[in-house]
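See structure below.
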Amino acid sequence: MNPSQAEQRVSELRDRLNKANDAYYQDAAPLMSDREFDRLLEELRHLEDSYGLQNPDSPTLRVGGKPTKIFPTVQHPVPMLSLSNTYSREELDEFDQRVKNLLGHDNYSYLAELKYDGMAIRLIYEDGQLTLGATRGDGSQGDDITTNIRTIRDIPLTLKGNLPESLEVRGEAYMELTAFAKMNSSREEQGDATFANPRNATAGTLKMQNPGIVARRPIRMFAYDLLIDDNNNRKRTQKEKLDLLDELGFPVCEHRAWCAGIAEVHDMIKSWEEIRKTLPYETDGVVVKVNEERFREILGQTAKAPRWAIAYKFEAEQGVSRIQDITLQVGRLGTITPVAELEPVLLGGTTVKRATLHNEEEIQRRDIRIGDQVTVEKAGEIIPQVVNVILQDDRKRGAPFRMPEYCPSCSATLVKLPGEVAWRCTNNQCPPQVRSRLEHFASRDAMDIDGLGTAVIDQLVSTGLATTFSDLYRLSVNDLVPLERMAEKSAENLIQAIDRSKKKPFEKVLYALGIRFVGVTVARDLAEAFHTLEALMESSEEELCDVDSIGPRIARSVRSFFDHPANREMVKELAAKGLQFTTLTKKRPSDALSGKTFVLTGTLPTMSRNEAKELIEKHGGKVATSVSKKTVFVLAGDEAGGKLDKAQKLGVETIDEKTFLEMIK
Ligand code: IVH
């Protein structure tokens, strides 16, 4: 960087940081995260030092904007600690083990509370009067925001009853989701920047200098701790403190639970993981506290967090966003899924811009429309979904959602099959279907073709180079090189990977074909049961149903796949390309029962049914669960029931164990 570039960057950084400062402190609408702010500030400091560009007005030197300069600073006689976080149930058990070890017994209990996602505050009452409201700050000192705190209606200004001279209440200030959404919405109308989430809105609001504005903001509070410096303190429990806070008129969350041990805490977490989705405010976990104050003293604390409490963080991340558009996605099998295109929201470290709305019925049931504000959740690996509608402002919402009659991608007529909720595009040449079929074919559990990802597939389909599975096996290095971001070497690697996939076993190929309902396990069972493609293609629904993991729904789907002439043609082509369509089976001791289907019923005199089944299969026979015309023998033991009757009705030969053993001698 030359000096003039440095000068320009410095001026750019000052500008951005000043704007961020103003937005944070004056408008209470942070433009960037604290981390981002600190990073830019550090860059500015470094440039000013290296190029001698210091200036008294620079945000690096200006004290203004530091929270501690706006409000008077207060010391916290009892530090406001943070909590150690855990994300797994195992770590929770480890926490419990530590508590047990440190105490040397297990005569303690827990109090579990929700972890509200807002901002910590402490309140001091002297002779029943609220005299101080403060932020946590750095834990040992924070801001005196009493004037702002006094505007929060949840917080009593005077306490009644037999009170100690002085007491302290700690809790979480927060904003309800709907109130937050409304507030953001009116800010937007007035051209003000909106808040990213209720927590930011709360913190931003409570740090404003104008209590008049704070009073109009919907801030609420939950009390979670009571500090009374008296002789009885050691005898108290968290449960009693919360009940007392409740009696004193503080809002205490109803979702709190006394737990005899960690097992009960686990149960509580499980149920709260569901309940939290229905709550009008955001929670991000469960705080587990040793209930007895006297044990807390023994357990003590580390530099930042107590050893008597832990926060279990919920796995799913929720956030508030607004639906900008509702688009339709065409799946591999033509299923049309409505998708909410969202204002970007940060969930668990990633930015989420889209969430599934599942299907038309679901949208209509909740009357979801463009413009609605919603909570979005990202749970584990599952695609984000819209979990709640929090604000539907008639002035800002679009028309009711209607499913179009035609596929948004290829204009084919959409159909809804009887008994299904999803609409489908029936044109199997519809480009998104073609693309996702190829993606599925190349995926790890299927043909595992390294280098054949979405970007390459998109190009193969749009250029027409490959639209079917067998097209892939016709590709050459020369076909691939002209594609975007495809060097000669990667083209060679891809061709080799495609070639290698020809060795993938039958079960993988079967899964790769993408037959509806045929997942990894079903594909494996089918390959094991039928051994060859021919046998599978010719099997009846009934025979298919005889396979372990296969029920009528899957059988029907497999049958209809192979009934389709185009599909039969496609698999033949693949076989011709050298893909594996047979399973090598272990060498059998004999073929005595080859081609014969048995049905077992009743109790056999010397062997279990499983042993009989193994013997039959070892000798080349098959075992089915129900009697049909294809059954050759019913092997019956004592107390044989309905199957025997059916065999007689269909004229199927019934044999006993002795005859069976003769057959395979
Ligand atoms: S107890 C040392 N209880 O979580 C004990 N805190 O990460 C800490 N919080 O600063 C306070 N809900 O802002 C406690 N039910 C609850 C809470 C809770 C939310 C916040 C609080 C604290 C932070 C610690």
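In table form, for the structure just shown:
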item	result
Failed condition for VAL456, given (1) β-branched (Val, Ile, Thr); (2) surrounded by 15 or more Cβ atoms within 10 Å (Cβ to Cβ); (3) within 23 Å of LYS353 (Cα to Cα)	(3)
Subset tally (residues that are away from the ligand (no atom under 11 Å from the Cβ) and charged (D, E, K, R)) for the stretch 282-307	4
Residues of the stretch 35-63 that turn out to be at pLDDT below 75 and surrounded by 13 or more Cβ atoms within 10 Å (Cβ to Cβ), as a count	4
Verdict on LYS622 being of a type in the set (Lys, Arg) and over 46 Å from the mean Cα position of the chain (by Cα)	no
Every residue from the stretch 542-591 that is open to solvent by 60 Å² or more (accessible area, probe 1.4 Å) and in contact with a Leu (Cβ under 8 Å, 6 or more places away or on another chain)	THR582
Candidate set from the stretch 484-505 (those that are at pLDDT below 95 and among the hydrophobic types (A, V, I, L, M, F, W, C)); member that is most open to solvent (accessible area, probe 1.4 Å)	ALA487
Scope the stretch 324-362; condition farther than 27 Å from GLY285 by Cβ, among the β-branched types (Val, Ile, Thr) and under 20 Å from the mean Cα position of the chain (by Cα); matching residues	THR337, VAL339
In the stretch 71-93, residue farthest from the ligand (Cβ to nearest atom) [restricted to those that are surrounded by 13 or more Cβ atoms within 10 Å (Cβ to Cβ) and of a type in the set (Asp, Glu)]	ASP93
Output for the stretch 96-124, where each listed residue is without any contact (Cβ under 8 Å) to a residue 60 or more places away in the chain and either among the charged types (D, E, K, R) or away from the ligand (no atom under 16 Å from the Cβ) (or both)	GLN97, LYS100, ASN101, GLY104, HIS105, ASN107, ARG122, ILE124
Helices (runs of 4 or more DSSP H) wholly inside the stretch 193-281 containing at least 2 residues that are within 13 Å of the ligand (Cβ to nearest atom), in contact with a strand residue (DSSP E or B) (Cβ under 6 Å, 6 or more places away or on another chain) and under 25 Å from THR146 (Cα atoms)	198-206, 238-248
Filter pass, ARG485 being of a type in the set (Lys, Arg), within 21 Å of ALA442 (Cα to Cα) and out of contact with any Leu (no Cβ under 9 Å at 6 or more places or on another chain)	yes
Unmet requirement for VAL169, which otherwise passes all of (1) within 13 Å of the ligand (Cβ to nearest atom); (2) open to solvent by 40 Å² or more (accessible area, probe 1.4 Å); (3) not in a helix (DSSP H, G or I)	(2)
Every residue from the stretch 226-254 that is closer than 17 Å to GLU172 by Cα, surrounded by fewer than 18 Cβ atoms within 10 Å (Cβ to Cβ) and in contact (Cβ under 8 Å) with a residue 24 or more places away in the chain	LEU227, GLY249, PRO251
Condition check for LYS304: in contact (Cβ under 8 Å) with a residue 24 or more places away in the chain, open to solvent by 20 Å² or more (accessible area, probe 1.4 Å) and of a type in the set (Lys, Arg)	yes
Of all residues making up the stretch 122-159, the number that are surrounded by 21 or more Cβ atoms within 10 Å (Cβ to Cβ) and within 14 Å of PRO79 (Cα to Cα)	6
The stretch 69-88 residues that are modelled with pLDDT of 90 or more, paired with ones that are away from the ligand (no atom under 16 Å from the Cβ) and of a type in the set (A, V, I, L, M, F, W, C) (beta carbon under 7 Å, 6 or more apart)	VAL74/LEU132
Scan of the stretch 421-440 for residues that are out of contact with any Ser or Thr (no Cβ under 9 Å at 6 or more places or on another chain) and open to solvent by less than 50 Å² (accessible area, probe 1.4 Å), ordered by number	SER436, HIS440
Members of the stretch 515-535 that are open to solvent by 30 Å² or more (accessible area, probe 1.4 Å), part of a helix (DSSP H, G or I) and farther than 15 Å from ASP548 by Cα	GLU534, ALA535
Strands (runs of 3 or more DSSP E) fully within the stretch 382-462 counting 3 or more residues that are in contact with an Asp or Glu (Cβ under 8 Å, 6 or more places away or on another chain)	385-391
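The values are calculated or read from the model by the stated rules, or taken from the named source; none is laboratory data. Everything numeric here is computed off the predicted structure, so don't read it as measured data. Every residue, glycine among them, receives a Cβ derived from its backbone with ideal geometry; neighbour counts consider all protein chains shown. We work out accessible area using only protein heavy atoms, side chains counted, and drop any ligands, DNA or RNA first. Shrake-Rupley method; radii C 1.70, N 1.55, O 1.52, S 1.80 Å.
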